[in-house]
Amino acid sequence: MKTNRRDFLKFAGAALVAGAAGTMLTGSDALAGAGLGAGGKVKQGEPPKGMTFLTISKNGEYSLGVKTNKGILDVKAASALFKKKVPTTIDDVIQGGDQGLTALVKTALKSDKAKGVFLEESKIQFGPCVTNPEKILMLGFNYRQHAMETGTPIPTSPVLFTKTNNTLNCHNGTIKLPTHVGTKFDHEVELVVVMGKTAYRVSEQDALKYVFGYCTGNDFSARDLQRKTSQFLLGKNSDGFAPIGPYLVTADQIPDPNNLKLECYINGERRQSNNTKDMIFNVATIISYASQHWTLKPGDMFFTGTPEGVIFGKPVDKQVWLKAGDKVTTVVEKLGELKFSLT
């Protein structure tokens, strides 16, 4: 894989430790490295700030992890060790706020007896970084260059469709290709927005205040099924067709979601590379627009569209579709590197 991919793995906040860059914090930087440096207490119902979350999958259950310079804090184990009741799943955090989580992370980082509750990231089995959204909302043709490569007129309003929860997948996950019904499988790197507050008829000016965080996603697609009817449902909703992660980064660390680089690699070859600046409808516009039509809930997700470089956008004689054995790497600046494979 080309080394330039590493150039933009510069995570917001020192807690976002880029493994590719090998950046680590030591000593007095430990608390700041978890986004928990000098600052007042976080109120129970407020969303935590400066944190990088992930989902740990173990024995068929999901639990919460927090990325720090000491490793991944197993929040459930830390809660038991220090006898502090805190949210132990990402859904609990999104729905209920901090509830003592920030204080627990600080305690664990300072304590000599907490070594056993920090895990090596390389040994973790991941789950989807958001596990229970009510709505997974998708944007079609939301990058100018992508619309042009597919011969699609520039939309005058956001093109919305949905995915369902069976599509959720994770870092280091696999997609079992439904080859009994489709053959034209394609990749789509996307910035994913996760809502943190109930939003109805919000203005563009206020829209970003409702965001909990951001993550890397891939709107995996079966193009022959997508084009079989006028609806996208068949081509977008096979099991595992929405990998997200590895991390969910709190919104305070991403002050401008409309200036992030995106890339997608297939078997180490770069296929997509652009910036969210090329979006036709930016994140605030998307949230505001959708909220005029229905109530957005905490945990709802937006896949905000993909840039040019998809297989579907190539001339027919150059379309080489994805197949079993292929490995996909999806990267969004400051949000981490999402990997999955096809079987």
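Listed values, structure above:
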read-out	value
Integer Hz, Karplus 6.51/-1.76/1.60 couplings in order for the stretch 72-82, x for Gly and Pro	8, 6, 7, 5, 5, 5, 5, 4, 5, 5, 9
Cubic angstrom per residue, convex hull over Cα atoms of the stretch 62-211	172
GLU120-GLN95 FRET efficiency (beta carbon distance; Förster radius 45 Å; 0.05 resolution)	0.95
Within the stretch 273-291: backbone nitrogen closer than 13 Å to the ASP256 label point (7 Å, Cα to C-beta)	276-278
Percent of Cα-Cα distances greater than 20 Å, calculated over the stretch 113-196	57
Rounded Å value of the spacing that divides the Cα centres of the stretch 203-273 and the stretch 83-150	16
Cβ-derived FRET efficiency at R0 30 Å, ASN165 paired with VAL320, nearest 0.05	0.45
Amide H within-cut-off set for LEU119, under 5 Å, with H built and near neighbours excluded	ILE72, LEU73, ASP74
Calculated from backbone phi, Karplus (6.51, -1.76, 1.60) coupling profile of the stretch 193-200 in Hz, x at Gly/Pro	10, 10, 6, x, 9, 5, 10, 9
Phi to ³J(HN,Hα) by Karplus 6.51 cos²θ - 1.76 cosθ + 1.60 over the stretch 298-304, Hz, x for Gly, Pro	x, x, 4, 10, 10, 8, 9
Unsatisfied cross-links (Cα-Cα over 19 Å) in the set LYS41/LYS76; LYS261/LYS339; LYS84/LYS123; LYS76/LYS113	LYS41/LYS76; LYS84/LYS123
Inter-site label distance for GLU149 and THR107 at 7 Å from Cα along Cβ, in nm	5.0
Relative packing of peptides 61-70, 91-100, 224-233 - highest average C-beta neighbours within 10 Å first	61-70, 91-100, 224-233
Convex hull volume per residue for the chain, taking Cα atoms only, in Å³	128
Highest average packing first - 41-53, 327-339, Cβ atoms within 10 Å	327-339, 41-53
For the chain, calculated [θ]222 nm from helices alone, where every DSSP H run of n ≥ 4 adds -39500 (n - 2.57)	-4000 deg cm²/dmol
Helix 101-110 axis, angle to the chain major axis (alpha carbon atoms, nearest 10°)	60
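Rule-based calculations on the coordinates, nothing more; no lab input. All values derive from a computational prediction rather than experimental measurement. Don't worry about glycine lacking a Cβ; one is built from the backbone with ideal geometry, like all the others, and counts go over all protein chains shown.
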